Amino acid sequence: MRGLDPGEIAELCTQIRGFLIQKVCATGGHLGGNLGVVELTVALHRAFDSPRDVLIFDTGHQTYVHKILTGRGADFDGLRQEGGLSGYPSRGESAHDTVENSHASTALSYADGLAKAFALRGEKGRRVVAVIGDGGMTGGLAWEGLNNLSVPGSGLPVVVVLNDNGRSYDPTVGGLAAHLGALRRARHEDASTTERSPAPRLVANTVFEHLGLAYIGPVDGHDVAALESAFDHAGSLDRPVLVHVVTAKGRGYEPAETDDADRMHGIGILDPATGAATAPGKSTWTDVFGDEIVRIGERRADVVCVTAAMSKPVGLGPFARTFPDRVFDVGIAEQHAVCSAAGLAMGGLHPVVCLYATFLGRAFDQVLMDVALQRQPVTFVLDRAGITGPDGASHHGMWDTGILSLVPGVRVAAPRDPASLRELLGEAVADDRGPTVIRYPKATAGQDIPATRRVDGLDILYDPGSRSPEVLLVAAGVMAGPCLEAAALLRGSGIGATVVDPRWITPINPALIELAARHRLVVTVEDAARTGGMGALLVEACADAALTTPVRPLGLPRAFIDHGGRGDLLARHGLTGERIAAAAARLLAGSSDEPDDPAHE
């Protein structure tokens, strides 16, 4: 690639864009961001020697071009599918993927550590390049890394490439966005006073220069020659330097360029010619939440919403249109989102913090010490809980229940259907005693599952009828469907089963212990890690109550689960009606499960 002339480079970039549109529209994935970094990635690989020079892409969903250029283009038919190419950097795929990251704002800290390691090991000449978006720069961790990279006299040969496209999912917010906008405007004014675009140069009076980094830019992120010139200059300085690159997310594909929501950040399967979905979308859990929070907002003027750079993906679009002054997008800054929510609650409001479940861990200290310790009425709505599917281990929202089980005073609800989501959300925002949590998956919401009766806050979904109650199946949220299937299968085998939805899975309802005592066996089923989950808490509660009925938790293993279809992954780990029924029957008969049964690892 380094031997291509400018015309051939332009043709290569055109071919890459066409390839991305065809392949990503066929499988789904991150399209807009990758279309925006074609020239940038080509220039990086021409200016630096990967993998000797380490290229780190913050968040990592924009590495499709990098994968193509490092020999993985033939694998794109299996992108984000089970056994196929990861949608993020993957150390197992290529030596060119040094860092396997897919949560934002991490690249500068990785770069700081790698550069220090190379220096201490005497590996001179190895450069570290961290590519981070303006959205990623809104995260506090990025500024912690930047602060350490710029220690006076460090001389770390780190090149920070700030890919400024004005957005993450949503448009970038805050003072940084305004500062970058001013730099872009100054560059435009310089260009308008000369016959041709001024060359990239070192500039003073930027926040980066005041922190101690050299600053080069802004550079046209779609001009390979200009990018190479800037990177060559940056690499020759032998010090920390930031190259400010301006790109357009979705570039070269009209449906993405005109998508006001997020420039086709992440897509399902589309017709590449039109950008339209090939199948009509069904109502999702996110849609149900989005509708219901507007209704709550109409009744409750004190309800406000907080999100971390993804108001539309978490369903806050309708609320933001209806109550624009009551939505706070803080950027990719989950710690700040939660601590700010604590302040909102202290000020007399009821904040609803909307995050992907996988990102809750980034703000654990704030949940524990700033919200729960001070008993602040903050409601957390965790989208994409459980198995998310094609985004893989870093995005499965399976750790939230284990994390939250450590937090005193928190109440966690798992709705089983749209009706229960609406009901539980209403109960959550009405609770002023402390923090509440609602978790639900990335999936179609499905039909309502009516309860036969409610007993002390527990919903009984299935009775053994005339048979004696032998097995109690405790279903967490969306596991109600598989548990009902399991109960019917057990009934066909002559085993009486009860299915209960506890609704609030944390803390354990004392009525659930009493119900367990009336059965020979209790099997809990949850689409979350078994460690510290609902089942583990019920085992502990039953032991404390000296209950001898055995309790067996089924759920996801304490392991990093690879990407694949949501249904396939749930089935692989035993969370289907057939596998649940088989496990219950074996346990009731007194035999142990197979040691390699993944549902019980």
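The values are calculated or read from the model by the stated rules, or taken from the named source; none is laboratory data. Being a predicted model, the structure only gives us computed values, none of them experimental. No Cβ is skipped: glycine too gets one built from the backbone with ideal geometry, and neighbour counts run over all protein chains shown. Surface areas here come from the heavy atoms of the whole protein model, side chains and all, with no ligands, DNA or RNA. Shrake-Rupley method; radii C 1.70, N 1.55, O 1.52, S 1.80 Å.
Results, tabulated for the structure shown:
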read-out: Tally of residues being buried (at least 21 other Cβ atoms within 10 Å of the Cβ) and either among the small types (G, A, S) or at positive phi (or both) across the stretch 406-424; value: 3
read-out: Condition met for R184 (closer than 27 Å to D262 by Cβ and either open to solvent by 40 Å² or more (accessible area, probe 1.4 Å) or free of Cβ contacts under 8 Å to residues at least 40 places away in the same chain (or both)); value: yes
read-out: Helices (runs of 4 or more DSSP H) (entirely within the stretch 169-281) containing at least 3 residues that are at pLDDT 95 or above and closer than 26 Å to I9 by Cα; value: 224-236
read-out: Which listed residue is crowded, with 19+ Cβ neighbours inside 10 Å and of a type outside the set (F, W, Y), from V151, V129; value: V129
read-out: Count of the stretch 510-538 residues which are open to solvent by less than 60 Å² (accessible area, probe 1.4 Å) and either out of contact with any helix residue (DSSP H, G or I) (no Cβ under 9 Å at 6 or more places or on another chain) or not β-branched (V, I, T) (or both); value: 19
read-out: Residue match in the stretch 379-393 (condition: open to solvent by 60 Å² or more (accessible area, probe 1.4 Å), part of a loop (DSSP other than H, G, I, E, B) and not hydroxyl-bearing (S, T, Y)); value: no
read-out: Any hit, the stretch 352-362, residues being over 28 Å from V24 (Cβ atoms), open to solvent by 20 Å² or more (accessible area, probe 1.4 Å) and not aromatic (F, W, Y); value: yes
read-out: Residue in the stretch 40-59 that is assigned to a loop (DSSP other than H, G, I, E, B), more than 22 Å from Y110 (Cβ to Cβ) and not β-branched (V, I, T) present; value: no
read-out: Answer residue from the stretch 35-84, given it is of a type in the set (D, E) and surrounded by fewer than 24 Cβ atoms within 10 Å (Cβ to Cβ) and is modelled with the lowest pLDDT among those; value: E82
read-out: Pairs with Cβ under 6 Å, 6+ apart, first in the stretch 458-484 and closer than 23 Å to G494 by Cβ, second of a type in the set (K, R) and open to solvent by 30 Å² or more (accessible area, probe 1.4 Å); value: I460/R453; P469/R518; E470/R520
read-out: Filter result for A341 (buried (at least 22 other Cβ atoms within 10 Å of the Cβ), at pLDDT 95 or above and assigned to a helix (DSSP H, G or I)); value: yes
read-out: Selection count where residues are assigned to a loop (DSSP other than H, G, I, E, B) and among the hydrophobic types (A, V, I, L, M, F, W, C), scope the stretch 70-96; value: 3
read-out: Residue count, the stretch 488-502 (criterion: under 36 Å from the mean Cα position of the chain (by Cα) and under 21 Å from D456 (Cβ atoms)); value: 5
read-out: Residue count for the stretch 299-324, restricted to those that are assigned to a helix (DSSP H, G or I), among the hydrophobic types (A, V, I, L, M, F, W, C) and either crowded, with 22+ Cβ neighbours inside 10 Å or touching a helix residue (DSSP H, G or I) at 6+ places or on another chain (Cβ under 7 Å) (or both); value: 1
read-out: Residue check for K67: closer than 19 Å to S154 by Cβ, of a type in the set (K, R) and either touching a residue at least 40 places away in the same chain (Cβ under 8 Å) or not in a loop (DSSP other than H, G, I, E, B) (or both); value: no
read-out: Top-ranked residue of the stretch 485-509 - restricted to ones that are farther than 15 Å from L472 by Cβ, in contact (Cβ under 8 Å) with a residue 40 or more places away in the chain and part of a helix (DSSP H, G or I), ranked as most open to solvent (accessible area, probe 1.4 Å); value: E485
read-out: Where T286 falls short, out of the listed (1) touching a residue at least 24 places away in the same chain (Cβ under 8 Å); (2) of a type in the set (V, I, T); (3) part of a loop (DSSP other than H, G, I, E, B); value: (3)
